[in-house]
Amino acid sequence: MQATKLLTVFVLLLCSAATQLSAQVATGTVYDSDSGEPIPGATVTQLHTQNGTVTNSEGEFRLELLSTAEQAIEVRFVGYQPSRLQIETPGQPLEIYLQQGAVWGDEIFVEGVRVSERAPFTQTTVERARLEQDNVGQDPIYTLERFTPSILTHSDSGTRFANYGYMRLRGMDQTRINMTLNGIPLNDMIDQGVFFSNFNDFGNSIQSVQVQRGVGTSTNGTASYAGSVNFESKNITMDDPSGEVKLTGGAFNSYRLSTEVNTGSINNFGLQTRFTQTESDGYRNHSGTESRSFFLSGGYFGSTNIFKVTAFTGYTFNELAYDPVPIQLIRENPRANTISVHDEDNFGQQFLQFQYGRSFSDRLSLASSLYYGGAGGDFPVGFPGDDGEFVQQVFSLFNDHYGLLSSLQYTDGDRFELSGGIHAYRFDRVNEETFNPESADLFYSDQSQKDELSAFAKASYRMGDVELYGDLQLRSVWLELNPDTQFLVNGGVAASTIDVPVRQWTFLNPKAGVTWFVTDRFDIYGSFGRSGREPTRQDILGATNINPGNLDVVSDRSSVRAEYVNNVEGGVRFRSASLSGKLNGFYMQFENEISPTGDFIPEGFIQLRENIDESYRAGIEAEWLWMPMNRLSLSGNATWMQTRISEFSPGGSGQVFTDRQSILSPEWLANGTINYMFYDFLNVSLTGRYIGEAYLELTNRDDLTLPSSFITNFGVDATISRNISASIKLHNVFDELYYTNGAPVDTNFDGTFDSPGYIVQPPRHLFAELTIRF
C-alpha cells in the first residue's frame, strides 16, 4: 500500500514536470592544474540537485541543467580541491582546472587511508552523486556491489533494505575487510566485523567511498586483508543552507523517513544533522526490523584550521533470520525461516570523533583525531529443552573503544608526496550469557581487552613517465581473554589450572609499486603487498565462551596462529573520447589461513579453527564506462577468480583433502548497467547481475553448492523541480528464486550434512522514494 501511494505521487509529479522544465546545457573539460592533463571520472553536479554526471575519459562533460534550479555547478574529484562555477553563458565550453597539493577541507581526514587514481593499487572510488543513484536507505554494502568488482552480498531478511546484511570481497568474509569513517575504524576490534544494521541509513550521510581490493595501502584498525572500505562523511561547507526530507516505501511493508538539516558555511562554521526511522516486515517469515539512527557532523572550517565533530547513534530491533534453510523446505515455502519467532535481538551503537586539521602551508598539513565507539545489546537463541519446553539463551555483549591517531602529509605538486602517522586504541569487551526468563541471573560473564599501537610511512615520487610508491606499516597488537573462573570451576576445572595467556602479535606490512604513464590516456601499474591478520575471539574460542571443552585450546598461544597474505596486483587503466576502463589481475598467496576445519566438541559450539598451510586466490577484474552518445552510458564490472586450498583434514575425520576450492567464492561475478537520460530531468537504468556457482563446504561436494543466478533490476530517477525528486526501483524484474549465501545443513540431526541450505533473497519487488528539499 505504501509503495502504491508513493508510485501514484511519483507518476503525477513526473507528468507535471514535463511541462515545467526546459534544458540549458553546461559543457566543458576538467583538467589537472599542475600537469594540464584531463581528469576522467570527476563528478559534475548542478547545485542543490541530484542532477549530475561524470567526466569521460577525456575529462569532458555535458550536463543539461534544470531551469528551475540555480545555474551553477560543482566539480569534485578525490585528491583535488572542489570547484564551484556559475554558468553565465549556457552552451559555451568551460575549461575547469582543479588544484592538487595539500588537500584542504573535510577530505584531509581521509587522505591518510586513500590513494589517488594514479597510484599502483587496485581501487574504485564512488562519489556522492553515484551513491545517491542507488540509495533508498539500504546498507551501503548493497550499493557498492553494483559499482565495484568482486563484491558479493546477502541479506538475512531478504529485503536488502533492513536487518542484517553481509559482504564478501574476493570471496573473503567481512571480518577480513578493514572499514573506516573519515579514517576512524568502524570494525569491532575483537570480532573484526561491521554491522551496519546497528546504525541504519548510514549511506545517506556519505560523501564518497573508496574500496581498495587486496592488501592495498596502510589504514587504521583491523588488518586490510581482503581489502579496505573507507567512507568519507558528507562535506558540510560545500553545501548551502538546506533541509531535506526523504520518504521511502516499498515491498514487505517497508518504509523509511529521513530528515536532514545542513547550515552550510556560516562564518566558517557548519552543522549537518540527520534522523532516520526505518521499519520493514522482511521478505522471509518473522524477519522484520524496527530501527532509528541519528547522525551529526559539524565544526569550524577556517583557512588554516579545521575543528570537526562527527557522531552517530543507532538502535535496532531485528527478528532473527540467520539460519540457512534446507532446499526441500524452500521449495515448499521460499519465505521459510527456521529461527524461533521469539528470537528478536536489540542492539545499539554509538560513535564519536573529534578531528583537528592544520594547514601549515599549501604543501604541508596535519590531521589528528580522538574517537570513541560503543555498542551493546542482546542476541537470543531459542531451542527446545530436555523436557520439550521452549528455552531461550541470551548472549549479550558490551563494547567500549577509545583511540587516537595523527598523520602528517607533505606534497610537492605532482612530483613528490610523503606522509606518516600513528594510531593507538584500547578496546574493552564484556560477554554475558543468561537464560530467559531469568535474564537477571548471569551464568556466564567474561571480559576481553585488545590494544594496538601502529605506525606507517608512505611516499610517492614521479620521474618523468614513471611514479614509484612505497608504504610500510608496523602493527603491534595485544589480546587478553579473561575467562569466567567460577563457570569453569562449576564445570569441573581446578581453579589452579586456569591460565589463559595474553596473546601478542607484531606485523610488519610492506607495500611497493610502480605506475608507468605510457601516454596521458594509458597507464600500467604493478604492486606487491604483504599483510598479517590476528585471529578473532571466535577464531580462538571456536565458541561463544571459554569452557572446559576449549580451555586447553584457548590456553595455548599457538593453537590458532596469525594468517598472512602476499598480494601481487597489476593492471592497465585507459581512456578515450567515449570509453574508459580498468583491467587488473591479482594473485593472493596465503600462509596459515584460518579456517573452521578443527574438531567439533560437545559444548555446543560452531567448530574449532585451524590454520591451513597453503592456499591462494587469483583472478582478473574489469571495470568499464562507455558513452556512445551524450544521453547514453553503459557501465559495469566483472570478476573471474580461481581459488585453491592445497591440503586440509577436517577435524576428527581422519581424511585428507587436496586441491580444493574455497567456499562462497564464485568463479564469475559480473554487473552491467545501461543508463539513458530521456530528458534533462528523467533518467532510466537497467542493471543485470550474474553470480556464478560456488561451493558451500570445503570438501567440494557437488550436491552442496550455491547455484548460479542472473538478476535484473530497473530504475527510474526524476528531478521534478529544484526542490523535489523521485525514484522507483524495481528489483528482480523476472522474479527469479536465487541465493547469495548458504551452508550445508543436517536435516536428520544425525551428524551428517545431507542438504544444501540457503538464505533466500527477495523475489520481484518495488521501492519508491520521494525527496523534498527546502
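The values are calculated or read from the model by the stated rules, or taken from the named source; none is laboratory data. What you are looking at is a predicted structure, and each value in this text was computed from that prediction instead of being measured. Heads up, the Cβs are rebuilt from the backbone with ideal geometry, glycines too, and the neighbour counts pull from every protein chain shown. Just so you know, the surface numbers come from the protein's heavy atoms only, side chains and all, with ligands and any DNA or RNA stripped out. Shrake-Rupley method; radii C 1.70, N 1.55, O 1.52, S 1.80 Å.
Here, the chain yields an orientationally averaged convex hull projection of 31.2 nm² when only Cα atoms define the hull. From most to least packed by mean Cβ count within 10 Å, the peptides 154-167, 259-272, 183-196 give 154-167, 183-196, 259-272.
In a shell of Cβ-Cβ distance under 11 Å around ARG764, excluding ARG764 itself, what net charge do Lys and Arg (+1) and Asp and Glu (-1) give? Summing Lys and Arg as +1 and Asp and Glu as -1 gives -2.
With an 8 Å cut-off on Cα pairs and a minimum separation of 6 or more residues, tell me the relative contact order of the chain in percent.
Values: 2235 pairs, mean separation 85.0, N = 774.
Once normalised by length, the contact order is 11 percent.
Cα centroid separation, segment 98-176 to segment 264-285: 18 Å.
Ranked from highest to lowest mean number of other Cβ atoms within 10 Å per residue, what is the order of the peptides 675-685, 330-340?
675-685, 330-340
Working note: 222 nm ellipticity from helices only, DSSP H runs with n ≥ 4, each -39,500 (n - 2.57), summed and divided by the residues of the chain, gives -1500 deg cm²/dmol to the nearest 500. Rounded to the nearest 20, the Cβ-based charge dipole of segment 233-773 about its Cα centre (Lys and Arg +1, Asp and Glu -1) stands at 2740 debye.
Using the Cα centre as the reference, give the magnitude of the dipole from point charges on the C-beta atoms of segment 407-531 (Lys, Arg: +1; Asp, Glu: -1; all else neutral), rounded to the nearest 20 debye.
580
Starting from the Cα of LYS458, draw a straight line to each of the lysines and keep only those under 17 Å, dropping any in the same chain fewer than 8 residues away. Counting by Cα, and skipping residues close in sequence, LYS458 has these lysines nearby: LYS511.
Between ASP400 and ASN268, the C-beta separation translates, for a Förster distance of 45 Å, into a calculated FRET efficiency of about 0.85. Taking a Cβ cut-off of under 12 Å around THR515, the surrounding Lys, Arg, Asp and Glu residues balance to a net charge of -2, with basic ones at +1 and acidic ones at -1.
Ordered from longest to shortest, the equivalent ellipsoid semi-axes for segment 115-256 are 24, 20, 14 Å, each the square root of 5 times a Cα gyration tensor eigenvalue.
Which of GLY376, GLN277, ALA577 sits farthest toward the positive end of the charge dipole of the chain, with +1 on the Cβ of Lys and Arg and -1 on the Cβ of Asp and Glu? Of the options given, the answer is ALA577. Taking every C-alpha pair closer than 8 Å and separated by at least 6 residues, the mean separation divided by the residue count of segment 265-398 gives a relative contact order of 19 percent.
Between rounded, prolate and oblate, where does segment 161-200 land on the alpha carbon gyration tensor, with a ≥ b ≥ c its root eigenvalues, rounded for a/c under 1.5, else prolate if a/b exceeds b/c?
oblate
Ordering GLN538, SER496, LEU453 by the projection of their Cα atoms onto the charge dipole of the chain, which places +1 on the Cβ of Lys and Arg and -1 on the Cβ of Asp and Glu, puts LEU453 at the extreme positive end.
Computed 3J(HN,Hα) for segment 632-641, one whole-Hz value per residue from the Karplus formula 6.51 cos²θ - 1.76 cosθ + 1.60 where θ = phi - 60°, is 10, 9, 10, 9, x, 7, 8, 9, 10, 9, glycine and proline marked x. Evaluated on segment 77-170, the Kirkwood hydrodynamic radius is 16.4 Å, with distances taken between all distinct Cα atoms. Placing +1 on the Cβ of each Lys and Arg and -1 on the Cβ of each Asp and Glu in the chain, which of LEU551, TRP624, ILE594 has its Cα farthest towards the positive end of the resulting dipole? Farthest towards the positive pole: TRP624.
P(r) for segment 458-586, from all Cα pairs and a bin width of 10 Å, is 11, 27, 19, 15, 13, 10, 4, 1 %, short bins first. Name the lysines eligible as straight-distance cross-link partners of LYS246: C-alpha to C-alpha under 17 Å, and not fewer than 8 places from it in the same chain. LYS246 reaches LYS5, LYS234, LYS729.
Taken about its Cα centre, segment 365-448 carries a charge dipole of about 660 debye when Lys and Arg each add +1 at the Cβ and Asp and Glu each add -1 at the Cβ.
Ligands, DNA and RNA are left out, and with a 1.4 angstrom probe the accessible area of the chain is 38 Å² per residue. Here is the size of segment 213-277 from its Cα atoms: Rg then Dmax, 17.6, 46 Å. The residues packed around PRO90, meaning those with a beta-carbon under 15 Å from its beta-carbon, carry a net charge of -3 if Lys and Arg are +1 and Asp and Glu are -1.
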